[in-house]
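Q: Following this message is one structure expressed as structure tokens.
The values are calculated or read from the model by the stated rules, or taken from the named source; none is laboratory data. Given the structure is predicted, the values throughout are model-derived calculations rather than measurements. Here the Cβ positions follow ideal geometry from the backbone for every residue, glycine too, while neighbour counts run over all protein chains shown. Areas reflect the complete protein model, heavy atoms only, side chains present, ligands, DNA and RNA absent. Shrake-Rupley method; radii C 1.70, N 1.55, O 1.52, S 1.80 Å.
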Amino acid sequence: MNDSQIEAAARLWFRMLRLHTRMNTAVARRVKEIGLSVPQCDVLTTLTEREGISQQDLAERLYVTKGNISGLIDRLADAGLVERRTFEFDRRSHAIFLSAAGRRLALEAIRIQETFVAETLGRLSREQLNAFEGLLIATRDIVRDNEARRANGSAAAKSSSASQSPRRGTT
């Protein structure tokens, strides 16, 4: 990779970050009008796709910690938007379900997001959308590959250093 390519990639990176922030801010403002934060909206809308999942599974789907999801679920339950139900097979874990009010709010949040998408990305041509999606998928695959290589490299380095460490009690 030459300097001009690195410069172009860095410029694109910063534009993506700024666009992501701008889009998140716009959506956050809109869902705030119905009384939700973006993380609360994420939980509710995710539950419209799959109810009855554990807090751990929900945290993994949303790329947050179990501690973060626990506080969110507490607040949503206190507001009457979700319900915790114990699993028959494990009384320590809870399945998360939408209440009727939570479902109505989730569907409103989805409508808000669909409207935002229509007003923004929806203004791109079919060809632009296809090209954009192709670039996003290619970039996602590169990031996944790099992360897998780093993880494998870290595991191999740990394994190698463990096997090369001196043994105690031998001469």
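Q: Name, by its number, the condition in (1) under 23 Å from ALA26 (Cβ atoms); (2) crowded, with 16+ Cβ neighbours inside 10 Å that does not hold for LEU98.
A: Of everything listed in (1) under 23 Å from ALA26 (Cβ atoms); (2) crowded, with 16+ Cβ neighbours inside 10 Å, LEU98 misses just condition (1).
Q: Can we say THR25 is within 22 Å of GLY102 (Cβ to Cβ) and either surrounded by 13 or more Cβ atoms within 10 Å (Cβ to Cβ) or of a type in the set (Val, Ile, Thr) (or both)?
A: Criteria not met by THR25.
Q: Still on this structure: So GLN40 ticks every box in (1) in contact with a Phe, Trp or Tyr (Cβ under 7 Å, 6 or more places away or on another chain); (2) open to solvent by less than 40 Å² (accessible area, probe 1.4 Å); (3) under 20 Å from ARG75 (Cβ atoms) but one. Which box is left unticked?
A: So GLN40 meets the others, but not (1).
Q: Of the residues THR120, THR86, only one is modelled with pLDDT of 95 or more and open to solvent by less than 90 Å² (accessible area, probe 1.4 Å); which?
A: Values: THR86 fails: modelled with pLDDT of 95 or more.
The conditions single out THR120.
Q: Same structure, new question: Just to be sure, is LEU47 in contact (Cβ under 8 Å) with a residue 40 or more places away in the chain, under 16 Å from ILE112 (Cα atoms) and open to solvent by less than 80 Å² (accessible area, probe 1.4 Å)?
A: Criteria not met by LEU47.
Q: Kindly list, by first and then second residue, each pair from a residue in the range 22-34 that is closer than 10 Å to PHE116 by Cβ to a residue that is open to solvent by 50 Å² or more (accessible area, probe 1.4 Å) and not β-branched (Val, Ile, Thr), limited to pairs with Cβ atoms under 9 Å and residues at least 6 apart or on different chains.
A: VAL27/GLN113; ARG30/GLN113; VAL31/GLU108; VAL31/GLN113
Q: Of (1) hydroxyl-bearing (Ser, Thr, Tyr); (2) modelled with pLDDT under 95; (3) open to solvent by 30 Å² or more (accessible area, probe 1.4 Å), SER54 satisfies all except one. Which?
A: Every condition holds for SER54 apart from (3).
Q: Only one of these conditions is not met by ARG91: (1) surrounded by fewer than 16 Cβ atoms within 10 Å (Cβ to Cβ); (2) under 29 Å from ARG140 (Cβ atoms); (3) modelled with pLDDT under 95; (4) not acidic (Asp, Glu). Which number is it?
A: If we test ARG91 against (1) surrounded by fewer than 16 Cβ atoms within 10 Å (Cβ to Cβ); (2) under 29 Å from ARG140 (Cβ atoms); (3) modelled with pLDDT under 95; (4) not acidic (Asp, Glu), just (2) comes out false.
Q: Check PHE132, PHE89, PHE116 and return the single one that is among the hydrophobic types (A, V, I, L, M, F, W, C), more than 19 Å from the chain's Cα centre (by Cα) and within 27 Å of TRP13 (Cβ to Cβ).
A: Values: PHE89 fails: within 27 Å of TRP13 (Cβ to Cβ); PHE116 fails: more than 19 Å from the chain's Cα centre (by Cα).
Just a single option satisfies the conditions, and that option is PHE132.
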